[in-house]
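Single-structure report; data block below.
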Amino acid sequence: MTPKTFKIKNFGCQMNVYDGERMAELLGEHGMAAAAEGEDADLVLNTCHIREKAAEKAYSDVGRLRREDGSKPLIALAGCVAQAEGAEAQRRSPMIDLVVGPQAYHRLPKMVAAAASGKRPVDTDMPAISKFDALPARRRASPSAFLTVQEGCDKFCTYCVVPYTRGAEVSRPWDDVVAEARSLVDAGAREIVLLGQNVNAWSDGTRGLAELIRELAEIDGLERIRYTTSHPADMDDALIAAHGEVDKLMPYLHLPVQSGSNRILQAMNRSHTTDTYLRLLERMRAARPDIALSGDFIVGFPGETEEDFEATLQIVDEVRYAAAYSFKYSARPGTPAAAMEDQIPREVMEERLQRLHDRLGIHQLAFNRSKVGVDTQILVERPGRRDGQMIGKSPWLQSVHVETSARPGGLIDVTLLSAGPQSMAGAVRHKVAA
């Protein structure tokens with residue numbers, strides 16, 4: 001029997017969240033409805049394979065889906081874990097009924113129907129991203145909405161599975177991206193976050209991400225633009241200039257460095273050095289002096305010495321990141337780094353990760369405190385914990401708690417009053433028409 005309800009769980013990156021939203025819209029177009037909170041339903045697991053923790057969490061969650069009476073919902077494993085493991089996922093977990101990779105989820109309704117009839121379909125084909133042509137129009141959007149513009153990566157960092165699970169770099173056509181952006185704004189979005197495994201590699205052959213951002217900035221009703229995740233090799237002059245010239249492009253840049261050691265960067269097959277990375281950030285700060293900088297770090301990469309790790313702490317101190325994501329190295333099957341000698345003991349990685357967290361936290365708190373007393377705008381996104389409290393995002397992507405009657409999607413003027421390591425408190429100055 002074809003299922004009537006569904007539930008989607010997302011593990012990993014923002015692109016999985018976007019894919020999950022699109023799968024929900026697709027299933028809705030085929031007569032299925034999202035299950036209410038706490039209701040049994042058919043389940044799609046949309047997962048990430050970049051780090052082992054996300055993959056293991058997905059499999060662990062599958063194992064908990066059996067009901068008290070011994071039955072289970074129809075289970076689909078989607079995303080990069082599905083792409084990487086294919087039919088092996090069903091051998092590892094017989095509870096999984098269907099496996100669909102990130103380039104094939106537009107075929108999900110037919111696969112669900114096949115699984116409901118007793119088959120166990122697997123689709124991990126990786127064609128060009130024609131899937132977007134088969135997806136329904138965007139009819140509902142949150143105040144801040146994701147929009148995938150690019151997929152795949154050609155960089156082949158030695159630790160990363162993205163080139164194997166998402167394929168080569170492919171850019172969505174200009175007209176398609178602009179049309180979806182307009183649909184998102186019509187559906188209620190005030191901010192759009194452009195997504196890609198290497199988003200600043202987006203190109204239509206003659207125009208790059210900077211030109212696309214300038215075009216999107218002309219959309220009436222769109223107030224904010226962000227993008228993630230970027231690669232230092234593709235931060236060109238035009239994109240840097242856009243940060244200083246496009247008011248709707250928020251003063252926030254996520255630009256992963258991964259390590260402060262040139263020796264480790266070379267082993268990772270990163271195309272930058274610490275010097276070229278720092279000079280790039282200098283140019284960015286010259287274009288947009290108030291920009292908040294964010295980064296990614298991997299600790300415990302094979303062969304990392306204490307001296308290498310100290311170099312990472314040094315670049316953290318030099319950049320003074322407003323936010324950052326840091327992870328223990330996770331060996332992914334099939335990547336060159338997984339076969340490297342001198343794998344770092346887990347306890348060493350854990351100790352270094354804690355030291356890195358502590359150092360990053362110092363700079364994040366310092367950045368937040370530097371904004372105390374600043375008058376700015378926040379985009380209201382959701383209710384806070386207290387009655388009358390709402391949470392919105394500042395231009396620098398800080399969560400700001402404020403007492404207000406404004407609804408999600410409203411842009412309100414606030415003064416930032418106090419800062420913590422993860423959020424800030426603000427007070428309304430006056431309401432801006434939503």
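Brief remarks on what is shown
- Expressed as a fraction of 2.2 N^0.38 Å, the value expected for a compact globular protein of N residues, the C-alpha radius of gyration of the chain is 1.00.
- Stokes-Einstein diffusion for region 228-349 at 37 °C, viscosity 0.692 mPa s, with a Kirkwood radius from C-alpha pairs, works out to 214 µm²/s.
- Long pairs among 72/393; 4/57; 7/248, criterion Cα-Cα beyond 29 Å: 72/393; 7/248
- Ignoring aspartates and glutamates fewer than eight residues from residue 371 along the same chain, the ones with Cα atoms less than 14 angstrom from its Cα are 290.
- For residue 152, net neighbour charge (Lys/Arg +1, Asp/Glu -1) across residues whose Cβ lies under 9 Å away: -2
- Global form of region 337-434, assessed from the alpha-carbon gyration tensor, a/c cut-off 1.5: prolate
- Simple Cβ-charge dipole of the chain, Lys/Arg +1 and Asp/Glu -1, about Cα centre, in debye nearest 20: 1000 debye
- Anisotropy class of region 263-409 from Cα gyration tensor, a/c 1.5 cut: prolate
- Taking amide H positions as modeled 1.01 Å from N, with prolines and chain starts lacking one, the residues under 5 Å from residue 6 and 5 or more places away or on another chain are 33, 34, 35, 42.
- Heavy-atom accessible surface of region 220-304: percent carbon and sulfur, 1.4 Å: 44 percent
- Considering only 275, 234, 186, the mean-square fluctuation computed in a Gaussian network model of the chain, springs between alpha carbons under 10 angstrom, is largest for 275.
- Multiplying the residue separation of residue 422 and residue 207 by 0.36 nm and removing their Cα-Cα distance gives an extension gain of 73.7 nm.
- Residue (of 233, 244, 216) at the positive-pole extreme of region 198-248, dipole from beta-carbon charges: 233
- Probe 1.4 Å - accessible area at residue 56, Å² to nearest ten: 80 Å²
- Hz values of 3J(HN,Hα) by residue in region 351-359 - Karplus curve (6.51, -1.76, 1.60), Gly and Pro given as x: 5, 5, 4, 5, 5, 5, 4, 4, 5
- Histogram of C-alpha separations across region 276-332, 10 Å bin width, %: 20, 47, 27, 7
- Per residue, in Å², the accessible surface of the chain once ligands and nucleic acids are set aside, probe 1.4 Å: 43 Å²
- Candidates 19, 290, 123, ranked by Gaussian network fluctuation over the chain, Cα under 10 Å, top entry: 290
- Surface share of carbon and sulfur [accessible, 1.4 angstrom probe, percent] for region 63-211: 49 percent
The values are calculated or read from the model by the stated rules, or taken from the named source; none is laboratory data. Given the structure is predicted, the values throughout are model-derived calculations rather than measurements. Counting neighbours? That spans all protein chains shown, and the Cβs are built from the backbone with ideal geometry, glycine included. Remember, those area values only see protein heavy atoms, side chains included, never the ligands or the DNA or RNA. Shrake-Rupley method; radii C 1.70, N 1.55, O 1.52, S 1.80 Å.
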